[in-house]
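Have a look at the structure below before the remarks.
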Amino acid sequence: MEKITFTYQRWFLRIGCAGIALPFVFIIQLFVAKLMDIEYANLWYCLICATIMLIWLYIYYKFTQKHPWFERTGAYWIEDGTVYIQKQNKIYELKKVNWLRGTTVSVYGMVKAGMLVIQFGKKKIILVSSQTTSVDSFANCKLLHMFETILEYNSELIKNDEFDFWYESKD
């Protein structure tokens with residue numbers, strides 16, 4: 001029973017915190033509009049707002065890329081032909097996996113990460129890869145090995161031909 005550790009990010013918390021900080025960005029936009037003496041219903045004002053928003057998101061996601069609040073460590077292992085995943089203080093036994101999908105997620109195309117979704121019974125685990133560099137496809141993601149391990153020990157899963165990394169059970 002060798003545990004393989006992996007890092008993942010708390011993607012949805014990270015996105016939520018970006019939304020909480022948006023009122024500060026609106027204050028900056030109003031300040032810039034007053035400073036440049038631009039009317040609010042003006043096209044230039046809209047372009048400035050969009051530019052400030054994109055700059056803010058880029059800085060935010062770069063700053064929080066390796067922040068310990070958004071990054072966690074987990075482990076997975078195989079015991080008696082069953083894959084187990086430990087995420088924070090919970091251990092999930094992956095028996096009867098209904099579907100398994102690997103894909104990429106992004107925020108305005110600036111920040112891309114790999115996402116692994118595992119549904120078994122009525123439970124679902126969503127893991128988003130820790131991000132050191134942008135991921136173009138799930139094949140380049142650090143969660144690929146876990147995906148392949150889960151697939152290997154759940155041989156009843158059938159590939160969905162429309163997507164590269166999507167497998168479903170017949171049931």
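Observations
- Across the options Ile91, Val128, Leu54, the greatest Cα extent toward the positive end of the charge dipole of the chain (unit charges at beta carbon of Lys, Arg, Asp, Glu) belongs to Ile91.
- Residue of Leu100, Leu43, Leu57 that the Gaussian network model of the chain assigns the largest fluctuation, springs spanning Cα pairs under 10 Å: Leu43
- Labels on offer are [x] 46, 17, 15; [y] 41, 17, 12; [z] 23, 18, 17, and the one holding semi-axes √(5λ) of the Cα gyration tensor in Å computed from this structure is [y].
- Reach of Lys112 by Cα under 20 Å, taken over aspartates and glutamates that are not fewer than 8 positions away in the same chain: Glu71, Asp136, Asp164
- Using a Förster distance of 35 Å, the FRET efficiency for Lys34-Tyr58 (Cβ separation, nearest 0.05): 0.90
- Springs join every pair of Cα atoms under 10 Å in this Gaussian network model of the chain, and among Leu94, Leu127, Leu47 the largest mean-square fluctuation is at Leu47.
- Selected from Phe147, Phe24, Phe120 as most flexible by GNM, with the chain as the system and alpha-carbon contacts under 10 Å: Phe24
- Distance violations [Cα-Cα > 31 Å] among Lys3/Lys96; Lys62/Lys95; Lys3/Lys66; Lys62/Lys96: Lys62/Lys95; Lys62/Lys96
- Candidate membrane-span-like segments in the chain, meaning DSSP H helices with Cα atoms spread over at least 15 Å of their own axis and a Kyte-Doolittle mean of 0.0 or above, are 22-36, 43-63, with no membrane implied.
- Within the accessible surface of segment 60-113, defined with a 1.4 Å probe on protein heavy atoms only, the carbon and sulfur portion equals 47 percent.
- Computed label-point distance, nm, for sites Ala50 and His67 using a 7 Å Cα→Cβ extension: 2.7
The values are calculated or read from the model by the stated rules, or taken from the named source; none is laboratory data. On a predicted model such as this, the values are computed, not experimentally measured, just so you know. Ideal geometry is used to build each Cβ from the backbone, glycine not excepted, and the neighbour counts take in all protein chains shown. All accessible areas refer to the heavy atoms of the entire protein, side chains included, with ligands and DNA or RNA removed. Shrake-Rupley method; radii C 1.70, N 1.55, O 1.52, S 1.80 Å.
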